[in-house]
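Comments concern the structure below.
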């Protein structure tokens, strides 16, 4: 285990290479946007938009690749720590590793994004495998997504810092 947190993104300057992914990649109609903006005194990456379950859809995601093709080794950390602000809705974090080979596979944890800036810790031990039988291998963490998923609602979630914590 390491003794120091590792900042993945602090959003004070231009954020890392985050992308918006929606269910439109599979025929859904959810619609959203990503913006880098000041929000209550903090620079943040903000995902907003309408999640729709029409046409077998139901998600909006802001996602970022981690490391190179092999991914990054996060095995020295206990979990993810995020400074988040939202609209009181439930969101997911989806992790992808070298073992994840299909778009529908991931390791998932849920959290509620309160309407004031809050620091949340999500231990890796709380992530559950979704449509994959391999255990979560933190030595090959490839991608992280913050996901509005599973029901029709208006998504509004912002991150001002994202870290791995020891």
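Just so you know, all these numbers are worked out from the coordinates, no wet-lab data involved. Remember, predicted model here, so these are calculated numbers, not experimental data. Using ideal geometry, Cβ is built from the backbone for each residue, glycine included, and neighbour counts are taken over all protein chains shown.
Things worth noting here:
- Put simply, segment 53-120 fits an ellipsoid with semi-axes of 23, 20, 9 Å; these come from the alpha carbon gyration tensor as the roots of five times its eigenvalues, largest first.
- One Cα centroid belongs to segment 90-166, the other to segment 4-69; the line between them spans 12 Å.
- In terms of its alpha-carbon gyration tensor, segment 4-82 comes out oblate; a/c meets the 1.5 threshold, while b/c is at least as large as a/b.
- Label-point separation, residue 137 to residue 17 (7 Å along Cα→Cβ), nm: 2.2
- Residue-span extension gain [residue 38 to residue 153] - 0.36 nm each, minus C-alpha spacing: 39.0 nm
- The ranking of 117, 18, 104 from fewest to most other beta carbons within 10 Å of each one's beta carbon is 104, 117, 18.
- Over segment 34-147, relative contact order from alpha-carbon pairs under 8 Å, at least 6 apart, %: 34
- Sorted largest first, extent of the chain alpha carbons per principal axis (Å): 42, 40, 25
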